[in-house]
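Working notes for the structure below.
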Amino acid sequence: MIQDQAFTTRASIGGEWRDTGRTFTVTNPATGEAITDLSDCGEAEAREAADAAVTAFRSWSRLTARERADPLRAFARLLREHSREIGQLITLENGRPFHMAVGEPTWAADQIDYYVGASVRLTGELLPPPAPGQQMFALRQPVGPVLAITPWNYPVLLASWKLGPALASGCTVIHKPAEQTPLSALRLAELFEQAGGPPGVYQVLPCRNPAPVADVLLDDPRVRKLAFTGSVETGRHLYRRAAATFKRVTLELGGNCPLIVFDDADLDAVQAFLGGRLCGSAGQVCLSPNRVLAQGRVADEFAGKAASFARAQVLGDPFDPATTVGPLSTAQNHARVSEHVRDAVERGARLLAGGRSPGGLYYEPTVLLDVQPGTRLLEEETFGPVVPISRFTSEEEAVEAANRTEYGLAAHIFTRDMRRAWRVAERLECGAVTVNGTATFTGDSPFGGWKASGVGRELGRWGLDAYLELKSVSMPLG
Ligand code: ADP
């Protein structure tokens, strides 16, 4: 379909396309073949990018929001115009079926537009005067240069959740994309430049080994904020390291999201919801249900439906429109999914569908019933096309099981009893609850986790506040 595309393979530093003299290879998870080699950044490039981000911040932050809006709106327009080509890059890099990946650049453009709109309307506040003849204001100002670290599962969308509010509010961004998906990020930088984005405002540092690059930027007090989406383990490390320079942080970490199916639920609706979540990115979505808690007798009926659905899925070339499930994106993820399923079966779970890898990084959609407490499948984030089902009897028991995790990203409830839905939603310890298959987030809602699932919020007005500092100013009137 695309595969003769020319790739952007140099780092974007201070308005230049830099060949660093060292390279690393990006591979296609569907075939295991190399896509291309590209420039590998290290400490020296990170230092240069920090200098450029600081310099660019001086002028970018002083523009009015309306002045910044021009290149940002053009950037969003270019993302839309190039959505097929960027979708193809995403599919090549992370294996998500193309017909699903092609929408991602448009969602990203929507985020940029949203924050342009929010920034041009951004105001401070006039406060009660501290004394006669004086005034006091609360100003909101951009926090400064930002280090954005993004994962491979939604490489363009999750970048836009950071780029939108950061750039629109006047911050500059140094983006370190995941080592698996740097090509789509470099394309974003190219389109930003084409849109008239000034040098140093948005830089992208591709690298094979993230730590040396990130450490330079985390230790640099001039970089004022860390915005990260990724694993709890990496988030914990970055949070600690960022504390030394008191950076502002937004951390969007993993989930172990429960799907609670009460015995009055519409099981076909549950299946439709779960199916969409499982196939979308082969289950590699932080807010997808990681475990199903089903009430009493409906567990067997639901398990049967889920197993039929799983068996009907088509694994294959992600560029083939008939493919519903692509490969897992990384070998590490494939190994974890295989291990979690093996562990659950060994501890007595009944395997109803899947449970095998047909080759490469593919893994069959898998359904397991009566998964025992304490198995890794229930305790950890599996990040794969696996549905572990366990039973509960009372509402109390369901809430307790749902909350019995260090994570707190999202939870999903299915019931026809809206009083119960409300009661349970209130008691769940997590950042988002859906009832009967509603949206987990929109551009207006706060997105983020409780407990180990994160710090701070992205999206909506909260996503913009995360890139703003407050300052009170008092002054005499004459
Ligand atoms: P996953 O397990 O989903 O790959 P990670 O948290 O390891 O999640 O990766 C998410 C992002 O964090 C990627 O961009 C990755 O390169 C980056 N990352 C991983 N380890 C570090 C580290 N020590 N320092 C900075 N960034 C890191």
- Query: Tell me, what does the Kirkwood hydrodynamic radius of region 315-354 come to in angstroms if you use every pair of distinct C-alpha atoms?
  - Reply: 11.9
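Dividing the convex hull volume of the Cα atoms of the chain by its residue count, what figure in Å³ per residue is obtained?
Working: hull volume 69.8 nm³, N = 478.
Each residue corresponds to 146 Å³ of Cα convex hull volume.
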- Query: Cα axis of helix 331-346 to longest principal axis of the chain: angle in degrees, 0 to 90, nearest 10?
  - Reply: 30
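Could you order the peptides 13-25, 179-191 from most to least packed, using the average number of other C-beta atoms within 10 Å per residue? Could the numbers behind the result be given before it?
Values: 13-25: 14.8, 179-191: 24.0.
Ranked from most to least packed, the peptides come out as 179-191, 13-25.
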- Task: Take a quick pass over the chain and tell me how many lysine pairs come in under 14 angstrom between Cα atoms, counting only ones 8 or more apart or on separate chains.
- Result: 4
- Message: Applying a 10 Å radius around every beta-carbon, put 376-383, 444-451, 259-266 in order of their mean neighbour count, most first.
- Response: 376-383, 259-266, 444-451
- Item | Share of alpha-carbon pairs per 5 Å distance bin for region 270-344, given as whole % | 3, 13, 21, 26, 22, 10, 4, 1, 0
- Item | At 0.692 mPa s and 37 °C, Stokes D of region 364-453 from Kirkwood alpha-carbon radius, µm² per second | 229
- All other residues with a Cβ under 10 Å from the Cβ of PRO165 taken together, and with Lys, Arg as +1 and Asp, Glu as -1, what is their net charge? 0
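Work out, step by step, the length gained on full extension between GLN134 and GLU346: first 0.36 nm times the residue separation, then minus their alpha carbon distance; give nm to one decimal.
Numbers: separation 212, 0.36 × 212 = 76.32 nm, distance 7.31 nm.
Computed gain between GLN134 and GLU346 is 69.0 nm.
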- Task: Return one number: the angle in degrees, 0 to 90 and rounded to the nearest 10, between the long axis of the Cα atoms of helix 298-311 and the longest principal axis of the Cα atoms of the chain.
- Result: 70
- Using alpha carbon centroids, what distance separates region 120-179 and region 56-118, in Å? 17
- Let me see the pair-distance distribution of region 140-188: every alpha carbon pair, 5 Å bin width, integer percents in order. 5, 23, 32, 21, 12, 5, 2, 0
- Task: Please compute the net charge surrounding ASN436, taking Lys and Arg as +1 and Asp and Glu as -1 over other residues with Cβ under 10 Å from its Cβ.
- Result: 0
- Item | Computed over region 312-418, Cα set: Rg, Dmax in Å | 15.4, 45
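Using helices alone, what [θ] at 222 nm do you get for the chain, with -39,500 (n - 2.57) per DSSP H run of 4 or more residues, divided over all residues and rounded to the nearest 500?
-12000 deg cm²/dmol
Based on the mean of other beta carbon atoms within 10 Å per residue, what is the order of 234-240, 106-112, most packed first? If you can, show how the numbers build up before the last one.
Values: 234-240: 17.1, 106-112: 21.9.
Highest mean packing first, the order is 106-112, 234-240.
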- Note on the structure: Here, region 185-330 modelled as identical Cα point scatterers in vacuum has Debye log10 I(q)/I(0) at q = 0.13, 0.18, 0.21 Å⁻¹ of -0.84, -1.09, -1.25
- If region 9-61 were replaced by its equivalent ellipsoid, with semi-axes equal to the square roots of 5 times the Cα gyration tensor eigenvalues, what would those be, largest first, whole Å? 29, 12, 8
- Task: Mind pulling the angle between the C-alpha long axis of helix 267-280 and the longest principal axis of the chain? Nearest 10 degrees, somewhere in 0 to 90.
- Result: 50
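None of the figures in this text is laboratory data; all of them are computed from the coordinates on show. Being a predicted model, the structure only gives us computed values, none of them experimental. FYI the Cβ positions are ideal-geometry reconstructions off the backbone, even for glycines, and counts take in every protein chain you see.
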